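For reference, the structure discussed in these notes is given below.
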Amino acid sequence: MTVRLSDRVIVLEGDCPVDEAEALLDLLLANPNAPVDWTACRQLHSSLVQVLLAARPAMRGVPESSFLQRWIVPIVQGS
Amino acid sequence: MTRTVLVVDDSKLARMVVKSILVKTRADWRVVEAAGPGQALDLLDGEGIDIALIDFNMPEHDGLWLASEIRDRDPEMPIAILSANAQDAILARARELDAAFVEKPISEEALAAFLSGATLKLRRAGK
Amino acid sequence: MNALLEQFLLESRDLIAEATRDLLALERAPDDGALIVGVFRAFHTLKGSSGVFGIQPMTRMLHAAEDILAAIRDGRAATGPDLTDALLESLDQTARWLDELEASEALPADADATAAALIGRLHGDGGIDTARPDAPMAGDLDIFTGDERASVLDAVHGQPAGTGVFRIAYRPDPRCFFNGDDPLKLLAGLPGLAALRISAREGWPALDSLDPFQCHLDIDALVLGDESAVRHAFRLVADQVTIAAIDPAALSPQPSPIAGAGDVVGAVLEEQRRLLATPDVPPGEVAGRWGSAAAAAANALRHEGRGGTADALAAALALAQDRLDPKPLAEALERAMRDRLASGKDLAASLPSQQPSSQQASSRSLRVEEQRVDRLFALVGEMIVAKNTLGWLAGRTAEAADPSGIVRPLRDLHALVERLTRDMHDAVVRIRTVPVGQVFDRFPRLVRDLSLRLGKPADLAIEGEATSADKTVVDALFEPLMHLIRNSLDHGVERPEERRARGKPDRATVVLRAFHANDRLVVEISDDGGGIDLAAVGRKAVLAGVLDEAQLALLTDAEVAALIFAPGLSTMEETSDLSGRGVGMSAVRMAIERIGGSVGIRTLRHRGTTISLELPLTLALLRIVTVSARGRRFGAPLDDVAETIRLPDSHIQRIRGRRAFTWRDQVVPLHPLGRLLELPEEPGQGQRRGDGDDRLVLVVRTGGGVFGLEVDGIGDRLEVALRPMDGLLANIPAYLGTTLQGDGGVLLILNLKELPP
């Protein structure tokens, strides 16, 4: 699993493929105030990005990949 | 979950390439081969096919023809058209048939992406 | 111009003609698969070759057209008049751009917007899968913040020349995840990504109603790089993405002068001024930048009819290059912009556009059968031998004590050179001989468009398109024929209801026919329309003062019909927007006469009208006689001169205050040339001719009748090459053209048909 709940933090790890979007959405619905830690995330499928954009959770850390750092972090964490 | 993939291509070499990627990425899946649209339609009836990978360029009928035949029987089956020729017209027709387009030469990455989408779709459909 | 571009222009113009023809045929036979394939192939080839020249707007537009044609070919879309219009318009635009490329080797500044508008029109026809009318205009940059734009602008400056900026609007299919697409991954693979925005297409739904597997994303991006690489990255989602090249200047935080400005010329000038002011230009590039800025500005000004200002800019450029200082050019540009504003930039609106339209721009290259060139080649070979013989003879003349033995070979040589010159002239004339089909081919399109606009269904039948004549003659046919065909459809052809009432088929037929007769080219335009109302023509002619009631009564029907060629006559009460451009049939007659032709008309009420044009096969040589009047010399075309006579004063009669004489049993008016041309009297003029001397008179016979032209002197008979009048002189009807004389002087050739008052 690349999406899991650990100590009331939702953790994204490694390559997060399309089918994990549902898991992420379920976790966010069940834990409305849980932050998302994406420090260990290398790839994030568009479907997960859109779940993050719809839910706007507090994000923790900075993901590994430069694409995510440069382009996705500002969008997901932006206002 | 084990799925059965139908690979339709008149070139044996091309079928071998697809099969080798499938064996590597989805070791537990079953692969059924057809050398042409006619044989493919025959196999559809008895083999419990879940997903179809169809070459575009075949004699007699092209892959889009076969895809539309399959679509008539099964509106939900994930289908990919395989072709080296990413022409707008072929892409548009594939889109119309709700089929994906996978460019030849087939890369492991592109086929894997299609297969993840396909499993998602099958799961959605309760299969 | 480089050879590659030249070949491209040549082939593309052919392809445009081919595609136009097939499109028109397709409209009549929408199910003809071969025609669809033909049109598709023409667009496909046009698009493909345009790619070689990096003219993206054109490639983009043609690509859109090609996609639609593919959809039609594959049965996914149907043709219709709107779509045909849009496809024809895209061919027209392509032709205009080819003219631009030929003139300036670049597309105009507004090409992006033009292409976008045409793509919109092409997609406007419903029912085509490739159409995405909901996709936003890719050129719209407002979605990006000022910071984003500025950073892209910075990034552009660090890039090698040739790097483009592309606006990407990616609207993934909602079901694309199921096909394995990952839109953001695609973006991640772009090395030149410079700005990215992700938004929800229809706003974000409440989280518990979000379908995570349906793609809700709209992706907008700016990407730097090579266009083909950018397009290649999106090739598999081409139907979901719009890629538009944008001018980096449009990214600058201040509103760009080009974006949205209606005053295109002003915008071009402003942009050149900005370019000139750009600091830190690498020294090697300076001259090139000034040159291209000056060229762009000059072209824009010429486009508006400000040739003088454009020339001033060119001079300023030379000065700037001389002094290695852009200041003179910058100042000239400033001045041009000020002058333009002062004199009103709408000058262009009141002037006829100087931009050649696609229809006027004929294929300028001349295609010649190989054997004709071979013949010329052989003749030049003989000419060289003759020249060598001449050299040898000259040598012998110098050496020989007695030159008398050289006379005979010299005479033989002269005879040989004379024959060779004649043959070479003949060969060159043949090279210039082209079929009238070159001009006729442009009319099916015109008839189609007019017949749609007027609501009068009509077909154009073309006969004898292989009939040939000199290129100058054939080219000169276009304007008059266009006017005549417009006239036929506008005034000749009746509405379908009226045709039905007269027992005619709803669809009218206009026939355009060419043939040779008596060493002349005859071109006829016939319609099966209502014919000309001769009574109305007569009334109009009397009202316009062309003739009086009594004279009218004496005219035959054919003569009354011919009155429509008189100046100031139009039979329709109201002129429509089609032919009512102040150019009447008299203008047609003058245009035809100017190239040595004549016009005729046959008309039958309710049956139709035929206008026939008779033209010389070649303009290359004209037989003239030189005449003088009041100390000036002119050429008079011998074709129109029936006889030259000496007329004793006693033979001159006065009839109603006008002078006349009898010639072959008819009374002929006599006009002195000097008075007709309003030449100033020379001092002592009256004395030159003794009272007893006969007058020198050319008896001139033209379609308009016979008259005597009195001149002071008659000189040589010559064969001359006629050069049409151009510039201001082109509108003076008294002259056909000019020719260069042996002494280098210019001789004006009289237009005897237009001379009498």
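The values are calculated or read from the model by the stated rules, or taken from the named source; none is laboratory data. These numbers come from a predicted model, not from an experiment. Cβ sites come from the backbone with ideal geometry, for glycine too, and all protein chains shown count toward neighbours. The area values use the complete protein model at the heavy-atom level, side chains included, leaving out ligands, DNA and RNA. Shrake-Rupley method; radii C 1.70, N 1.55, O 1.52, S 1.80 Å.
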How many of the residues in region C:642-657 are in contact with a Leu (Cβ under 7 Å, 6 or more places away or on another chain) and within 23 Å of C:Gly715 (Cβ to Cβ)?
2
Looking only at region C:179-204, and only at residues there that are in contact with a His (Cβ under 8 Å, 6 or more places away or on another chain) and open to solvent by 40 Å² or more (accessible area, probe 1.4 Å), the one that is nearest to the other protein chains (Cβ to nearest Cβ)
C:Trp204
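Within region B:98-111, track down each residue that is closer than 19 Å to B:Asp9 by Cα and either polar (S, T, N, Q) or assigned to a loop (DSSP other than H, G, I, E, B) (or both).
B:Ala99, B:Lys104, B:Pro105, B:Ile106, B:Ser107
Among residues belonging to region C:207-220 that are more than 26 Å from C:Phe144 (Cβ to Cβ) and open to solvent by less than 60 Å² (accessible area, probe 1.4 Å), point out the one that is farthest from the other protein chains (Cβ to nearest Cβ). Steps first, answer last, please.
Filtering region C:207-220 down to residues more than 26 Å from C:Phe144 (Cβ to Cβ) leaves C:207-214.
Cutting the leftovers down to open to solvent by less than 60 Å² (accessible area, probe 1.4 Å) gives us C:207, C:210-213.
On the way: C:Leu207: 5, C:Leu210: 5, C:Asp211: 9, C:Pro212: 4, C:Phe213: 6 Å.
Of everything passing the filter in region C:207-220, C:Asp211 is farthest from the other protein chains (Cβ to nearest Cβ).
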Do we find a residue being surrounded by fewer than 21 Cβ atoms within 10 Å (Cβ to Cβ) and of a type in the set (Gly, Ala, Ser) anywhere in region C:1-12?
yes
Can you find even one residue in region C:531-544 that is assigned to a loop (DSSP other than H, G, I, E, B) and closer than 22 Å to C:Pro733 by Cβ?
yes
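Residue under question is C:Arg364, and the condition is that it be at pLDDT 70 or above and either basic (Lys, Arg) or not in a helix (DSSP H, G or I) (or both); does it hold?
no
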The lone exception for C:Val223 - which of (1) within 11 Å of chain A (Cβ to nearest Cβ); (2) open to solvent by less than 10 Å² (accessible area, probe 1.4 Å); (3) touching a strand residue (DSSP E or B) at 6+ places or on another chain (Cβ under 9 Å); (4) not in a helix (DSSP H, G or I) it fails
(1)
Does region C:63-74 contain any residue that is modelled with pLDDT under 85 and more than 14 Å from chain B (Cβ to nearest Cβ)?
no
Can B:Asp62 be described as of a type in the set (Asp, Glu), under 11 Å from the mean Cα position of the chain (by Cα) and buried (at least 16 other Cβ atoms within 10 Å of the Cβ)?
no
Picking from C:Ala64, C:Ala71, the residue that is crowded, with 17+ Cβ neighbours inside 10 Å and in contact with a Ser or Thr (Cβ under 7 Å, 6 or more places away or on another chain) would be C:Ala71
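Kindly establish whether C:Val434 is in a strand (DSSP E or B) and either β-branched (Val, Ile, Thr) or open to solvent by less than 70 Å² (accessible area, probe 1.4 Å) (or both).
Numbers: in a strand (DSSP E or B): yes; either β-branched (Val, Ile, Thr) or open to solvent by less than 70 Å² (accessible area, probe 1.4 Å) (or both): yes.
Criteria met by C:Val434.
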Exclusive hit being within 24 Å of the chain's Cα centre (by Cα), more than 14 Å from every other protein chain (Cβ to nearest Cβ) and either closer than 19 Å to B:Ile90 by Cβ or open to solvent by less than 20 Å² (accessible area, probe 1.4 Å) (or both), set C:Asp85, C:Asp92, C:Asp99:
C:Asp99
Flag if C:Pro172 is in a loop (DSSP other than H, G, I, E, B), in contact (Cβ under 8 Å) with a residue 12 or more places away in the chain and open to solvent by less than 10 Å² (accessible area, probe 1.4 Å):
yes
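Name the single residue that is modelled with the lowest pLDDT among those in region C:226-257 being part of a loop (DSSP other than H, G, I, E, B) and surrounded by fewer than 19 Cβ atoms within 10 Å (Cβ to Cβ). First the steps, then the outcome.
Filtering region C:226-257 down to residues part of a loop (DSSP other than H, G, I, E, B) leaves C:226, C:234, C:247, C:252-257.
So of that shortlist, the ones also surrounded by fewer than 19 Cβ atoms within 10 Å (Cβ to Cβ) come out as C:226, C:247, C:252-255.
On the way: C:Asp226: 84, C:Asp247: 77, C:Ser252: 67, C:Pro253: 55, C:Gln254: 44, C:Pro255: 37.
It comes out as C:Pro255.
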If we scan region B:65-82, do we find a residue that is within 12 Å of the chain's Cα centre (by Cα), open to solvent by 30 Å² or more (accessible area, probe 1.4 Å) and not charged (D, E, K, R)?
no
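Report whether or not C:Ala77 is open to solvent by 20 Å² or more (accessible area, probe 1.4 Å) and of a type in the set (A, V, I, L, M).
no
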From (1) within 26 Å of B:Gly117 (Cβ to Cβ); (2) more than 12 Å from every other protein chain (Cβ to nearest Cβ), pick out the condition that doesn't hold for C:Phe166.
(1)
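Working only within region C:690-705, note down all residues that are within 37 Å of the chain's Cα centre (by Cα) and open to solvent by less than 70 Å² (accessible area, probe 1.4 Å).
We begin by selecting, within region C:690-705, every residue within 37 Å of the chain's Cα centre (by Cα); these are C:700-705.
Of everything in region C:690-705, those that are within 37 Å of the chain's Cα centre (by Cα) and open to solvent by less than 70 Å² (accessible area, probe 1.4 Å) turn out to be C:Val700, C:Thr702, C:Gly705.
When you go through B:Ile49, B:Ile54 one by one, which is the residue that is open to solvent by 10 Å² or more (accessible area, probe 1.4 Å), in contact with a Leu (Cβ under 7 Å, 6 or more places away or on another chain) and at pLDDT 90 or above?
So the residue among B:Ile49, B:Ile54 that is open to solvent by 10 Å² or more (accessible area, probe 1.4 Å), in contact with a Leu (Cβ under 7 Å, 6 or more places away or on another chain) and at pLDDT 90 or above is B:Ile49.
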Condition test on C:Ala312, is it modelled with pLDDT of 75 or more, within 27 Å of the chain's Cα centre (by Cα) and either assigned to a helix (DSSP H, G or I) or over 30 Å from C:Ala95 (Cβ atoms) (or both)?
yes
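Is it true that some residue in region C:138-151 is at pLDDT 85 or above, buried (at least 18 other Cβ atoms within 10 Å of the Cβ) and in contact with a strand residue (DSSP E or B) (Cβ under 8 Å, 6 or more places away or on another chain)? Steps first, answer last, please.
Kept after step one, since they are at pLDDT 85 or above, are these residues of region C:138-151: none.
Among the residues of region C:138-151, not one is at pLDDT 85 or above, buried (at least 18 other Cβ atoms within 10 Å of the Cβ) and in contact with a strand residue (DSSP E or B) (Cβ under 8 Å, 6 or more places away or on another chain), which makes the answer no.
Tell me yes or no: at least one residue of region B:113-125 is more than 9 Å from chain C (Cβ to nearest Cβ) and touching a Gly at 6+ places or on another chain (Cβ under 8 Å).
Here is the first cut: in region B:113-125, the ones more than 9 Å from chain C (Cβ to nearest Cβ) are B:119, B:122-123, B:125.
Then keep just the ones that are touching a Gly at 6+ places or on another chain (Cβ under 8 Å); that gives none.
No, region B:113-125 has no match at all.
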Quick check: anything in region C:26-39 outside the structural domain of C:Arg167 (by the TED database), touching a helix residue (DSSP H, G or I) at 6+ places or on another chain (Cβ under 7 Å), open to solvent by 30 Å² or more (accessible area, probe 1.4 Å) and among the basic types (Lys, Arg)?
no
